[in-house]
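The values are calculated or read from the model by the stated rules, or taken from the named source; none is laboratory data. Since this is a predicted model, take the numbers as computed values, not measurements. When we count neighbours, we look across all protein chains shown, and the Cβ atoms used for this are built from the backbone with ideal geometry, even at glycine. The accessibility values were calculated without ligands, DNA or RNA, using every heavy atom of the protein model including side chains. Shrake-Rupley method; radii C 1.70, N 1.55, O 1.52, S 1.80 Å.
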Amino acid sequence: GEPDDSIGHAGALLVAAAVTLFITLWPSQLNAAVRRRPWLMAADLLFCAALTALTGGWATPYYLYSFSPLLAAAFFFEWRGALLGAAGMAALFVVAGLPRAVSGLNVGLVAEVVGFFLIAGAFGYAASLLSQLQTSHTELNRVHRDLAVIHELTVSLQSAADVNEVEERVLDAVINDLGFPKALIGLVDPNDAVITAWLGRAHGGQAAFVGDLPHPARIPLVPESGLISQTLLDGRTRLSVADLRTPDPGVNAALGAGVYHVFPMLLREHPVGVLLVGAVDDRDPARLASLQAIASQAA
């Protein structure tokens, strides 16, 4: 019995050392694989359970080693991964030790099983906090960058020579500085009560309109002209609008089938223009507030 156990322990030690060396040499590839396929964590749990079964059952010297998949699950998948990993490891640990159990469940085993959940919970909580801190840091950096863009735009607008230059600078700020995919501006002609003088840009500097600018496009400033006109008439911002059809086919072609945020440009409650920005997947309040500030500055 003892020689066989010694051979078994030596073999388990070599296998554990080899697995640890493999993880050490190729961490990036393994991390990427686990993030893409979370079920690969099951292989780590089964490996630890096998070590337990081969090296003394519940009295295994590899009890602490079996925490490694729990720490990895907590790091990659935070609370959910930590608790699922702890539950899986606890169940496998109990089953792996049953063949060598001298008596039934004991206090020591209960402490070992509870230890899985305590360690997994502690590291899952720490990973969640770290993720929240990283997210907050990223958001703060983005807000700071957006505020800097608004400040620079405000300063540059003071030296703009004409209205067309104001449009160009606003579109440049929205597309190149804030990173939105597409933006368009239409100005209100108060004499004729129409939206005209359209200007648009897409990411990369391309004109948003086929054949550049259909400046003659004139959309009546009445509710029947669609949501763009309604936005200017009631002064309310519209977010993530998919249907912005107007009476003008040229403007409709420029807008395409995309989703837009629509910001009225108001000066003392009087509409002077409209800013349309191609919507992205998220609706970050800070980003939308930046666009609203840009529309107000442009007005």
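Computed from label points 7 Å out along Cα-Cβ, the spacing between LEU64 and LEU233 is 7.5 nm. Split the accessible area of the chain by element, probe 1.4 Å, and carbon with sulfur accounts for 64%. Largest first, the residues TYR125, TYR63, TYR260 sort by 1.4 Å accessible area into TYR125, TYR63, TYR260. When the Cα positions of ASN164, THR55, VAL277 are compared along the charge dipole of the chain, THR55 comes out farthest toward the positive end, with charges on each C-beta of Lys, Arg, Asp and Glu.
Helix 285-298 and the longest principal axis of the Cα set of the chain meet at an angle near 20°.
Other residues lying with their Cβ under 13 Å from the Cβ of ARG218 contribute a combined charge of -3, Lys and Arg counting +1, Asp and Glu -1. Can you work out the PRE-style zone for LEU267? Point 7 Å along Cα to Cβ, and I want the residues of region 283-299 with backbone N under 13 Å. In region 283-299, the label zone of LEU267 (backbone N under 13 Å from the point 7 Å along Cα→Cβ) covers 296-299.
Ordered from largest to smallest accessible area (heavy atoms of protein chains, 1.4 Å probe), the residues ILE150, ILE23, ILE195 come out as ILE23, ILE150, ILE195. Pairs of Cα atoms nearer than 8 Å and 6+ residues apart set the relative contact order; for the chain it is 12 percent.
Toward the positive end of the charge dipole of the chain, with +1 on the Cβ of Lys and Arg and -1 on the Cβ of Asp and Glu, the farthest Cα among GLY11, GLN292, PRO181 is that of GLY11.
Only the Cβ atoms of Lys and Arg (+1) and of Asp and Glu (-1) were treated as charged; on that basis the dipole of the chain about its Cα centre amounts to roughly 560 debye.
Largest to smallest in accessible area, the residues ASP284, ASP234 fall in the order ASP234, ASP284 (1.4 Å probe, all protein chains included). Taking amide H as placed 1.01 Å from N in the peptide plane, the amide H of THR246 sits under 5 Å from that of ASN252, each at least 5 places away or on another chain. In region 68-83, whose amide N lies under 20 Å from the spot 7 Å out along Cα-to-Cβ of ALA43? List them in ranges. Hits in region 68-83 for ALA43 at 20 Å: 68-77, 81-82.
The alpha carbons of the chain give a radius of gyration and a Dmax of 31.1, 102 Å, in that order. Using a probe of 1.4 angstrom and keeping all protein chains present, the accessible surface of the chain works out to 54 square angstrom per residue. Relative to the longest principal axis of the Cα atoms of the chain, the long axis of helix 2-25 lies at roughly 20 degrees. Is any residue of region 180-194 close enough, with backbone N under 19 Å, to a label point placed 7 angstrom from the Cα of VAL163 along the Cα-Cβ axis, and if so, which? So the set is 184-194. Counting Lys and Arg as +1 and Asp and Glu as -1 over every other residue whose Cβ lies under 14 Å from the Cβ of VAL163, the net charge comes to -4. Here the gap between VAL280 and LEU147, fully extended at 0.36 nm per residue and compared with their Cα-Cα distance, gives a gain of 45.9 nm.
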